[in-house]
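First the structure, in the form of structure tokens, and then the observations on it.
The values are calculated or read from the model by the stated rules, or taken from the named source; none is laboratory data. Small disclaimer: the values here were computed from a predicted structure and weren't measured. Note: ideal-geometry Cβ built from the backbone for every residue, glycine included; neighbour counts use all protein chains shown. These area figures cover heavy atoms from the full protein model, side chains too; ligands, DNA and RNA do not enter into them. Shrake-Rupley method; radii C 1.70, N 1.55, O 1.52, S 1.80 Å.
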Amino acid sequence: MKNLSDLIINISVLESHGPLDVMVPGISLNSKDIKSGGLFVALIGSISDGHTFIGSAIDSGAKIIVHQNDLEVFVEGVTYIKVADTHEAVGLIASAFYEYPSGELKLIGVTGTNGKTTIATLLHQLFINLGHRAGMIGTVVNKINEQSQEAERTTPDAISLNKLLRAMVDAKCTYCFMEVSSHSVSERRIAGLVYAGGVFTNLTLDHLDYHKTIEAYRDAKKAFFDSLSESAFALSNIDDANGKYMLSGTQARKYYYGFKSEADFDERLETKLIGEFNAYNILAIYGAAVLLDEDRGMVKQLIKSLEPVAGRFQSIKSSNGIVGIVDYAHTPDALQNVLLTVNGMREGSAQIITLFGCGGDRDKSKRPIMANMAYNMSDIVILTSDNPRTENPEFILADMVEGLPEGYDKTRVYVISDRGEAIEKACSLAKSGDYMLLAGKGHETYQIIGEEKIHFDDMEEIKKYLK
């Protein structure tokens with residue numbers, strides 16, 4: 001139980017109705033998930049407006065309503081607090097409710113288009129191996145020391161986020177490595193959090209269905225670094241076109257990693273991970289660890305033993321020498337990086353067979369770009385589905401086919417809507433020594449078709465057909 005006046009101490013209250021000196025047993029964004037006497041925050045989302053559920057929240061037992069729209073009805077016995085932005089307010093309220101857990105940890109945020117999961121996961125692995133107690137918040141899984149729980153999205157809502165951070169503090173964690181999505185910055189889910197540092201990976205085409213322009217997407221990432229305090233560090237990829245821009249407005253101490261330009265961290269490091277993109281990931285991990293005052297020599301030694309992340313360039317080899325690779329690459333840049341790595345690995349007459357799809361109800365602009373790239377960098381391309389959601393898979397495939405070169409060789413391209421059938425076809429086409437890349441889903445163990453989530457695992461499928 002917390003006193004309401006303590007929860008709103010950092011919020012600019014525009015107006016209020018009802019008592020502020022009341023006890024709050026819980027806070028919620030869901031009108032159906034309210035504790036008796038609890039606080040409900042009305043968020044305006046892209047799909048629904050929480051203000052329309054205020055009545056339902058009160059019926060469920062809410063006694064405090066935080067809103068930003070003007071209200072016409074005030075129920076007796078209920079306290080109403082009007083703020084300019086409920087997205088920011090809920091972050092500040094949640095932080096206070098859970099007693100400011102981010103301030104009791106060294107919280108490191110990792111943002112960028114590609115590499116977030118790998119960097120956050122390997123930093124967690126590294127710091128556990130260094131003997132620290134550490135948590136992780138990511139796309140695939142959240143971790144409290146060695147305990148894992150499935151993640152629903154890259155960055156949780158502000159209430160879930162602060163609750164998770166409090167659980168980490170209670171478990172004696174001293175570090176937390178957290179993926180920070182552009183959505184979470186734009187929607188102010190990270191408001192009220194105190195970061196000890198931030199890492200920028202890279203910026204390429206993605207999420208334009210949400211941000212509309214690449215500039216808006218870029219500036220959402222930049223806003224994270226703009227929010228860092230002068231006591232934090234900001235570590236950026238200097239070889240990325242936006243690497244310096246990301247840190248141009250930050251108060252934090254600035255550092256850069258890379259190996260094509262002069263950088264603060266440009267070290268020779270040994271790792272099990274393959275590919276230039278992973279070289280950048282490892283440099284970022286090394287730089288962050290050093291900035292967190294870890295011994296350089298010890299960090300270098302432990303980096304050698306870091307295990308690859310599931311679904312990130314995860315490989316399997318058949319008895320007759322066919323190499324299957326499952327990777328999460330779902331943007332043009334990520335697909336290009338993975339294909340560059342595979343091309344660098346093959347020998348002699350080995351073929352590269354690339355299978356991938358593009359998600360439905362998401363940015364359509366990258367579909368033709370990725371198809372063109374796959375065609376130019378592979379011997380055989382299989383276009384298929386990847387979480388079509390509510391879009392017709394055939395329409396998605398048509399967008400992809402539009403990107404193929406005029407007069408393309410149709411004997412090199414297969415269009416198979418069913419991903420299972422597509423993987424079976426890829427395996428049947430592969431010969432000894434060939435490389436077969438399954439891109440787009442990586443760690444995911446499901447397909448979203450319509451509104452339904454169906455079990456589907458690329459690695460399971462490739463093992464089924466690749467003997």
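Which ones in the range 125-146 are surrounded by fewer than 19 Cβ atoms within 10 Å (Cβ to Cβ) and either in contact with a Cys (Cβ under 6 Å, 6 or more places away or on another chain) or at pLDDT 95 or above (or both)?
Ile128, Asn129, Leu130, Gly131, His132, Arg133, Asn145
Within the group Leu130, Leu71, Leu92, which residue is farther than 26 Å from Asn242 by Cβ and over 29 Å from the mean Cα position of the chain (by Cα)?
Going through Leu130, Leu71, Leu92 in turn, the sole match is Leu71.
Kindly evaluate Asn343 against the criterion of being assigned to a helix (DSSP H, G or I) and at pLDDT below 90.
The answer is no for Asn343.
Condition (residue is open to solvent by 50 Å² or more (accessible area, probe 1.4 Å) and at pLDDT 95 or above) applied to the range 152-159: is it met by at least one residue?
No, the range 152-159 contains no residue that is open to solvent by 50 Å² or more (accessible area, probe 1.4 Å) and at pLDDT 95 or above.
Which of the residues belonging to the range 386-402 are more than 17 Å from Glu451 (Cβ to Cβ) and either part of a loop (DSSP other than H, G, I, E, B) or in contact with a helix residue (DSSP H, G or I) (Cβ under 8 Å, 6 or more places away or on another chain) (or both)?
Of everything in the range 386-402, those that are more than 17 Å from Glu451 (Cβ to Cβ) and either part of a loop (DSSP other than H, G, I, E, B) or in contact with a helix residue (DSSP H, G or I) (Cβ under 8 Å, 6 or more places away or on another chain) (or both) turn out to be Asp399, Met400, Val401, Glu402.
Checking the conditions here, which among Arg419, Arg412 is at pLDDT 95 or above and surrounded by fewer than 18 Cβ atoms within 10 Å (Cβ to Cβ)?
On inspection, the qualifying residue turns out to be Arg412.
Suppose we filter the range 357-374 for residues that are farther than 9 Å from Ile396 by Cβ and not hydrophobic (A, V, I, L, M, F, W, C); how many remain?
Going through the range 357-374 one residue at a time, the tally reaches 7.
Check Arg166, Arg189 and return the single one that is in contact with a helix residue (DSSP H, G or I) (Cβ under 9 Å, 6 or more places away or on another chain), surrounded by 24 or more Cβ atoms within 10 Å (Cβ to Cβ) and among the basic types (Lys, Arg).
Just one listed residue meets the conditions, Arg189.
Anything in the range 422-439 that is open to solvent by 10 Å² or more (accessible area, probe 1.4 Å) and either farther than 15 Å from Tyr375 by Cα or among the acidic types (Asp, Glu) (or both)? List them, or say none.
Glu424, Lys425, Cys427, Ser428, Leu429, Ala430, Lys431, Ser432, Gly433
In the range 169-180, how many residues are within 22 Å of Phe200 (Cβ to Cβ) and either among the hydrophobic types (A, V, I, L, M, F, W, C) or open to solvent by 20 Å² or more (accessible area, probe 1.4 Å) (or both)?
Number of matching residues: 4.
Residue by residue through the range 318-373, note down the ones that are among the aliphatic types (A, V, I, L, M), surrounded by 21 or more Cβ atoms within 10 Å (Cβ to Cβ) and without any contact (Cβ under 8 Å) to a residue 60 or more places away in the chain.
Answer for the range 318-373, where residues must be among the aliphatic types (A, V, I, L, M), surrounded by 21 or more Cβ atoms within 10 Å (Cβ to Cβ) and without any contact (Cβ under 8 Å) to a residue 60 or more places away in the chain: Met370, Ala371.
Consider Ala42 against the criteria (1) out of contact with any Asp or Glu (no Cβ under 8 Å at 6 or more places or on another chain); (2) at pLDDT 95 or above: it satisfies all of them except one. Which criterion is unmet?
(1)
What are the pairs with Cβ atoms under 8 angstrom where one residue, in the range 18-45, is under 16 Å from Ala94 (Cα atoms) and the other, located anywhere, is open to solvent by 60 Å² or more (accessible area, probe 1.4 Å) and of a type in the set (S, T, N, Q)? Sequence gap at least six, or different chains.
From residues that are under 16 Å from Ala94 (Cα atoms), the pairs are Pro25/Ser36.
Anything in the range 9-67 that is in a strand (DSSP E or B) and surrounded by fewer than 20 Cβ atoms within 10 Å (Cβ to Cβ)? List them, or say none.
Val13, Leu14, Glu15, Ser16, His17, Met23, Ser28, Ile44, Asp49
So which residues in the range 424-453 are in a loop (DSSP other than H, G, I, E, B) and of a type in the set (Lys, Arg)?
Matches in the range 424-453: Lys431, Lys441.
Matching residues to (1) open to solvent by less than 40 Å² (accessible area, probe 1.4 Å); (2) under 21 Å from Asp240 (Cα atoms); (3) modelled with pLDDT of 95 or more; (4) not aromatic (Phe, Trp, Tyr):
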position: Phe277; (1), (2), (3), (4): no, yes, no, no
position: Tyr286; (1), (2), (3), (4): yes, yes, yes, no
position: Asp293; (1), (2), (3), (4): no, no, yes, yes
position: Gly297; (1), (2), (3), (4): no, no, yes, yes
position: Ile303; (1), (2), (3), (4): yes, no, yes, yes
position: Leu306; (1), (2), (3), (4): yes, no, yes, yes
position: Ala310; (1), (2), (3), (4): no, no, no, yes
position: Gln314; (1), (2), (3), (4): no, no, no, yes
